[in-house]
């Protein structure tokens, strides 16, 4: 009788029903996350990087690729006014080590306006799709700081098929983004003198009414540069947002829903939970 029970258990373990959970999401990349791993400096993938020469439609930059035979979602990231890719460079190797192809861009000019930066973000994604066989063209996202964040918003309007958008201390003269249908995480600094939340991040977030999911995170005491800094709060939420919406990885929902209460790092957080 004991042999029959063991045999039955083995058969059950090998059936498609028993393995359905593991195969349900083909886009999961990396091990199950923990509170420590989402704040860590690096994930489990080794990463290669290559310079991108200046192009006609964006200013070149750097592309970071996980070392793997798998395909990955891709993220393009723009710096802000007068800045170059060095200001957002830390996102490249970190996000790639968790399973994304990442392009940190230089803009054609440091003085490019947000809408131009939005077009350049999309051009960088198109470049990655065209030249990098590891990129899954159906899973693309944008990020940007300051005017680059405004560019991320504009890119989301221009290309609604994007899977995620993360404007960091975003600056834009347009305040109504009701046509954005892309899941959007808005990050702002509580004490930002350049793009005050009351004039930028907050109206941006409030106006995004068409997106299926959105969130607003305000960094306690943060200035204009803090939302693009390499700190554990920015690490945790940018990674979790991209994992949840580019990779459809519900294992990361635990870090987004329920919305975190204000604490020593976060002065305000609003979200349209639940996502799953």
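The values are calculated or read from the model by the stated rules, or taken from the named source; none is laboratory data. Just so it is clear, the structure is predicted and the values come from calculations on it, not from any experiment. For neighbour counting, all protein chains shown are included, and Cβ atoms are generated from backbone atoms with ideal geometry for every residue, glycine included.
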Taking region 153-175 as the region of interest, how many residues are in contact (Cβ under 8 Å) with a residue 40 or more places away in the chain, closer than 11 Å to residue 186 by Cβ and within 11 Å of the chain's Cα centre (by Cα)? 2
Would you mind finding the one in 57, 132 that is surrounded by fewer than 19 Cβ atoms within 10 Å (Cβ to Cβ), in contact with a helix residue (DSSP H, G or I) (Cβ under 6 Å, 6 or more places away or on another chain) and farther than 24 Å from residue 186 by Cα? 57
For residue 37, only one of the following conditions fails: (1) farther than 23 Å from residue 155 by Cα; (2) within 18 Å of the chain's Cα centre (by Cα); (3) touching a residue at least 24 places away in the same chain (Cβ under 8 Å). What is its number? (3)
Any residue at all in region 203-221 that is over 20 Å from the mean Cα position of the chain (by Cα), assigned to a loop (DSSP other than H, G, I, E, B) and free of Cβ contacts under 8 Å to residues at least 60 places away in the same chain? yes
If a residue has to be surrounded by fewer than 22 Cβ atoms within 10 Å (Cβ to Cβ) and over 27 Å from residue 188 (Cβ atoms) to count, how many in region 60-85 make the cut? 6
Could you figure out which of (1) touching a strand residue (DSSP E or B) at 6+ places or on another chain (Cβ under 9 Å); (2) touching a residue at least 24 places away in the same chain (Cβ under 8 Å); (3) assigned to a loop (DSSP other than H, G, I, E, B) isn't true of residue 185? (3)
Is it the case, given these coordinates, that residue 46 is under 20 Å from the mean Cα position of the chain (by Cα), surrounded by fewer than 10 Cβ atoms within 10 Å (Cβ to Cβ) and at pLDDT 95 or above? no
Mind checking whether some residue in region 231-248 is touching a residue at least 60 places away in the same chain (Cβ under 8 Å), crowded, with 19+ Cβ neighbours inside 10 Å, within 19 Å of the chain's Cα centre (by Cα) and not in a helix (DSSP H, G or I)? yes
